[in-house]
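Written below as structure tokens is the structure these notes are about.
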Amino acid sequence: MILARVDGVIVSTVCHPSMRGSRTIICQPLDERGREEGPPLLAIDPFGAGEHQRVVLSTDGGATRAFVHDPKSPLRNMVIAVANDGDAAGQP
Amino acid sequence: MRLGYVIGKVTLSQQDPSYTGGRFLLVQPLSKEQFKGAPMTPLAKGNSLVVYDNLGAGPGTLVGFTEGSEAAMPFEQPTPVDAYNASLVDRVLYHPSV
């Protein structure tokens with residue numbers, strides 16, 4: 001699981017059927033001090049997390065396939081929790 | 001999943017039958033600056049990779065691709081694929097906090 005900050009969304013009309021109906025967000029992984037760590041990732045977001053909110057991503061493909069009800073889905077990253085810190089800047 | 005820019009195609013003369021219906025693309029993952037809107041050329045640093053595609057992407061397309069064992073999940077039988085194009089990206093809305 002990865003702590004990340006929501007930095008944007010992507011819009012896609014032609015995509016794998018398992019992505020239809022899900023929001024795909026751009027997440028910036030953060031380290032333990034809230035600093036950016038590595039390049040941004042894409043993840044599906046069932047919660048509708050707000051911009052710059054901190055979220056926890058699961059990188060378990062099996063959990064994501066179960067969530068989208070498609071055993072053939074290629075998806076992997078999914079938001080499983082939104083941090084309850086109310087800090088829009090993503091600072092710890 | 002990562003975002004990448006399609007910089008070319010790979011044409012095969014022989015292939016595993018399970019690849020039928022798709023193509024292989026050369027994809028360069030985006031740099032942070034390119035997420036913010038920097039031009040795609042010069043290309044971002046880092047390795048490009050070959051991505052299986054059956055959505056119809058071509059050079060110049062922005063794609064969202066998955067890597068690892070999940071890339072082989074959409075295939076009927078076990079297939080040696082470790083990067084799969086899951087979406088053609090129309091628009092990127094990216095606002096990193098400063």
(message) Taking R0 as 35 Å, what FRET efficiency do you get between B:Lys9 and A:Phe47 from their Cβ-Cβ distance, rounded to the nearest 0.05?
(response) 0.40
(message) Could you check the spin-label model distance between B:Ser18 and B:Leu43? Points 7 Å from the Cα along Cα→Cβ, value in nm.
(response) 2.8
(request) Would you calculate, for the protein assembly as shown, the mean residue ellipticity at 222 nm contributed by helices, counting each DSSP H stretch of 4 or more residues as -39,500 (n - 2.57) and dividing by all residues, to the nearest 500? (result) -1000 deg cm²/dmol
(message) Give me the extension gain from A:Arg35 to A:Val11: residue separation times 0.36 nm, minus the current Cα-Cα distance, reported in nm with one decimal.
(response) 6.0 nm
(message) Compute a Gaussian network model of chain B, connecting alpha carbons closer than 10 Å, and tell me which residue from B:Phe65, B:Phe24, B:Phe35 fluctuates the most.
(response) B:Phe35
(request) For B:Leu55 and B:His95, calculate 0.36 nm times their separation in residues minus their Cα-Cα distance, and state this gained length in nm to one decimal. (result) 11.6 nm
(request) Please average, across the residues of B:72-80, the number of beta carbons from any other chain that are within 10 Å of each residue's own beta carbon, and give a whole number. (result) 3
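Read the figures in this text as sums done on the coordinates, not as results from a lab. Since the structure is predicted, the reported quantities are computational estimates derived from the model, not experimental observations. Quick reminder, even Gly has a Cβ in these numbers, built from the backbone with ideal geometry, and neighbours come from all protein chains shown.
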